[in-house]
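Below is one structure, written out as structure tokens; the observations come after it.
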Amino acid sequence: MAEIKIDKALFQERLSSFISAWKADKRGGDAVFGGVSSILVLLGKSEETAQFQKNNAVHFWLLGYEFPATLFLFTIDGMTIVTTAKKAAHLEPLKGGKIPLEVLVRGKNGEENEKLFTKITKQIKSAGKKLGVITKDISRGPFIEEWKKSYGSISKDVEEVEIGPALSQAALAVKEESELRAMRSASKACVALMNPYFVEEMSNVLDEEKKVKHSTLANKIDSKLDDTKWWKSVELPGKGKMPSDLDPTQLDWTHGPIVQSGGKFDLKMTARVDDEILHAGVILASLGMRYKQYCSLIARTYLVDPNKSQESAYKLLLQIHNLVMKEVRDGANVKDIYAKAIGLVKSKKPELEKNFLKNVGAGIGIEMRDSTLILNAKSSRILKDGMTLCITTGFNDIENPNPQDKKSKTYSLVLSDTIRVSSSDPVIFTGDAPSDLDATSFFFKDDEEAQPTPKKSKKDSTIGAVATKNITKSKLRAERTTQADEGAEHRRREHQKELALKKQEEGLKRFAEVTGNQNGSAVKKFKRFESYKRDNQFPPRVRDLAIVMDKHNQTIVLPIMGRPVPFHIQTIKNASKSDEGDFSYLRINFLSPGQGVGRKDDQPFEDATAHFVRSLTFRSHEGDRFQNIANEISNMKKEAVKKEQEKKELEDVVEQDKLVEIRNRRPAFMDNVFIRPAMDGKRIAGKVEIHQNGLRYQSVVQQQQRVDILFSNVKHLFFQPCQHELIVIIHVHLKDPILIGKKKTKDVQFYREATDIQFDETGNRKRKYRYGDEEEFEAEQEERRRRADLDRQFKAFAEKVAEGGRSENVDVDVPFRELGFNGVPNRSNVFCQPSTDCLVQLTEPPFMVITLEDIEVAHLERVQFGLKNFDMVFIFKDFTRTPAHINTIPVESLENVKEWLDSVNIPFTDGPLNLNWPTIMKTVVADPHAFFEDGGWGFLSNETDAEDDDPESEESAFEISSSEANASDESSNEDSEFDSNASDDEGSAGSDDGESEGEDWDELEKKAKRKDRDGGLDDEEEAPKKKRKH
């Protein structure tokens, strides 16, 4: 023990702060310390296998070392230590501070030792009746046994009080800067072992399909603890490095490493690694490190070839984890944090509530888990700035609805991070180890599954550069429809039946308690308007008892029975002026219940016994004045209707919180980008900046022209490369619309054009020395390089945006162009592309972003024999929302669209006719429970099944002629909402087919001419005669 050096100043400072907190609590009502008059901390024989408890933590906190066989007695007036002579030699220099310290030395003489313990018992009795002890103390050894004998004589006269919470709150929980530095270093060590080391080892094992035990992987991680060279060279995620002053010799294990997979998971801190083989499914990894006696813990879940259900559960876990992080701050109540976490589970996936962990973390520091600071529903601890916590969220034993194998029937998910509480957002010490879905998901079966796909389009080697999709085996359009493999078609139908049944069950459960118009439109109420609150607000001209137009208050004041009576403009239907003889008449019609027909009646009866004035008529010789009044009423009515419409349109526009700018450094930005919808004024490029809680688009010309987008309002973030497009795009789809200038929008897009204007430099000097297409080749290569560079820049910036909005679960989504299809969602024919979470069209405004989670069912219309196009309708889970239509989709895309809908678990049906969706949705909204009781969306599939019952008889009974086919095509084009340009394109496509069909007739006509010549009939003599007639 010759090398032991105890910091006297730090010892006295911490002891003084502890005693001061004790005294302050006594003055404040003994809420923390429970009114104890003395505190006893015992430490017996040291045991290497034992976990650190409160008594060990007190030793390390005060002394920096652990002194076995030592007794600490704290009183309001000072501290007494009983220990051996060797240890006392290191404690003697600590005397002489603000708090008196007495060191009693034990020896080998039993009687003298007993006297020392007797002295301690007398101090306890003289201090008071309440003694603070650590009731969960498991210390053992001869020293403890001797103390128990002496303490037994006074134990009946003393009331023992659990002092653990007080030690945590007054001493151990809130960390100083030196303690936080040690925890940061321990956290960096945890991150390095988790990612990159464990992730690389696990990936190699799975990629090479090796059979490796969990314990073998854990031992590999364990072996890195003593590898000094590795600690100096390891690179953390984000190209970070370990602290330069890190001493690897002071690192030690406090938990694990634990690796779990194969359906057997234990999320408790006492979990042990087993000898099972690593299973390619859900893999949990957790480990805890101690540096200079301060702990840090990290846990991650890695998903190998996950299904949609597992991805959805993990996304929910990420949301919960981020929510807990967001709620952790100075002054927060622990039970409120847990309540919000469990509330999110209930709102998103209530079936997982039983699987959610009973707490979301605990305090961490010298102790790996502070049992007095557990974040659960029972604890009422208040968090303070400087506390350190291990946030752990997870689900235990979730049932997998679509298990990949026998070991995947159940799985667990867990995330753990070590953080520091602050006054705002917490500092995440282990945040360098990514936990988002993209970073924790591994796909090893993609290559194998992608091999069969080329069977769909067989290329002919003799065709060359011609697009193979335009070459068909048959000339008949009816035979040209894509035929799917029978086995795949059968599997798809079975899957669709399962989805339809599940949707029906969900509908019945969702609307089990709903009757009547619960999900419908709001009940219309009698509208009331107020022109004036007091009499003195009337215009002065009303004294003349004339008709007065008050534009400011949108009111007409009419003289009735010698009194001015105000009428708000919203109560007036219209006004008209007519002439009869010498008099002019002004008739003013009012809105009243019973005037409208059907839906137009916005004035319901509120009181059946009430009387309403339908109209008023005024007579005067001044016809011109009446005409002016009628015109003014019409103009005022138009302005009021316009304002009402604008107000209604802007009802859902939210006022965002203020953007928190980055002040201490330059924010990440991308310049020379344009914004859509465009801002007022000339189209000029600006720059996009990433700040603490959102994005800012700033015009370079006018500083007041800016658009702020908060991460909390971002629903989807897309990056669309410039491949096959003229622009490269970063698109933001918002949860709630915002105003850009005077335009309301839910979609904001940042883009840059990918092509430059090319000039033909004819006569340039280069032409003298270069021949052929060399310059064109160079231009093409330069174009490709520029496009690739643009894609890299925009993709990197989109990833930075997602990183900045990670706390709000913002992630980058890229559309899959190979799954896209043409269609008309608005008025023009555009290319629609599916992405991971949406179906989007981002190239041409108005943009289309349909979230797949919001879709209830899809229905394909006009799917019948002989038609070139079909329509697709999406019905949303919110039945009050208007269904989304995508019209005029080429029939060649039918199988691909069906395959995509089936792959994303969207139930779909098809039918030959366009349905009246407003009427259908009105029926659904009126009584959703009755709708699902009657079969729900089954009526759509029933029509399809009825048509498909006997296809052979249908074909034999009906043979379509070419003229009828053309007529049906024309009628289908007229019925669809398609613009003239697009229909011209369709017409040209149809003419191409006709030309290809006419080639055989040309050959027959030539043969006929040759036969005519052979027979002596010469038509060439008649040709010049016909020309002369012209």
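In table form, for the structure just shown:
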| read-out | value |
| --- | --- |
| Set of lysines near residue 1006 by C-alpha distance (under 19 Å), chain-local residues within fewer than 8 positions excluded | none |
| Cross-link partners of residue 573 among lysines (Cα-Cα below 21 Å; sequence separation of 8 or more within a chain) | 524, 525, 527, 551, 600, 637, 638, 642, 643, 647, 648 |
| Per-bin percent of Cα-Cα distances, the range 227-275 [5 Å] | 4, 15, 20, 13, 14, 16, 14, 3, 0 |
| Average accessible surface area per residue within the range 84-217, 1.4 Å rolling probe, Å² | 52 Å² |
| Carbon and sulfur %, accessible surface of the range 244-308 computed with the full protein complex present, 1.4 Å | 45 percent |
| Hydrodynamic radius of the range 1-80 per Kirkwood, over alpha carbon pairs, in Å | 14.0 Å |
| 22 Å Cα-Cα reach of residue 868 towards lysines, excluding residues that sit fewer than 8 places from it in its own chain | 456, 469, 473, 475, 898 |
| For residue 106, residues with placed amide H under 5 Å, excluding near neighbours | 83, 84, 85 |
| Modelled label reach - residue 735, point 7 Å along Cα→Cβ, the range 843-857 residues with backbone N closer than 17 Å | 851-854 |
| q = 0.12, 0.15, 0.17, 0.22 Å⁻¹: log10 I(q)/I(0) that the Debye formula gives for the range 1-147, counting C-alpha atoms only | -0.50, -0.80, -1.05, -1.71 |
| Charge sum, other residues only, whose C-beta stays under 13 Å from residue 208's C-beta, Lys/Arg counted +1 and Asp/Glu -1 | -2 |
| Orientation-averaged projected area, Cα convex hull of the range 788-940 (nm²) | 11.2 nm² |
| Peptide ranges 140-152, 383-395 listed from the most packed, as the mean C-beta count within 10 angstrom indicates | 383-395, 140-152 |
| Inter-label distance, nm, simple model (7 Å from Cα along the C-beta direction), residue 683/residue 742 | 2.1 nm |
| Sites residue 397 and residue 5, calculated FRET efficiency, Cβ-Cβ separation with R0 51 Å, nearest 0.05 | 0.55 |
| Residue-span extension gain [residue 590 to residue 933] - 0.36 nm each, minus C-alpha spacing | 119.0 nm |
| Solvent-accessible area, 1.4 Å probe, carbon plus sulfur percent, for the range 26-89 | 51 percent |
| Sites residue 436 and residue 701 - FRET efficiency at Förster radius 35 Å, r taken between beta-carbons, to 0.05 | 0.40 |
| Relative packing of peptides 888-898, 224-234 - highest average C-beta neighbours within 10 Å first | 888-898, 224-234 |
| Average accessible surface area per residue within the range 626-696, 1.4 Å rolling probe, Å² | 68 Å² |
| Neighbour net charge for residue 356 - beta-carbon separation under 10 angstrom, K R +1, D E -1 | +3 |
| Förster radius 45 Å - calculated FRET efficiency between residue 913 and residue 329, Cβ distance, rounded to 0.05 | 0.20 |
| Convex hull projection area averaged over all views, the range 639-719, Cα basis, nm² | 7.3 nm² |
| Cross-link pairs 54/264; 108/130; 86/148; 744/922 - those with Cα-Cα distance over 25 Å | 54/264; 108/130; 744/922 |
| Solvent-accessible area per residue, Å², over the range 877-934 with all protein chains present [probe radius 1.4 Å] | 44 Å² |
| Normalised per residue, the volume of the convex hull around the Cα set of the range 256-330 (Å³) | 116 Å³ |
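The values are calculated or read from the model by the stated rules, or taken from the named source; none is laboratory data. Every value quoted in this text rests on a predicted model; they were computed, and no experiment measured them. Cβ coordinates were reconstructed from backbone atoms using ideal geometry, including for glycine residues, and neighbour counts include every protein chain displayed. For accessibility, only protein heavy atoms count, side chains too; no ligands or nucleic acids. Shrake-Rupley method; radii C 1.70, N 1.55, O 1.52, S 1.80 Å.
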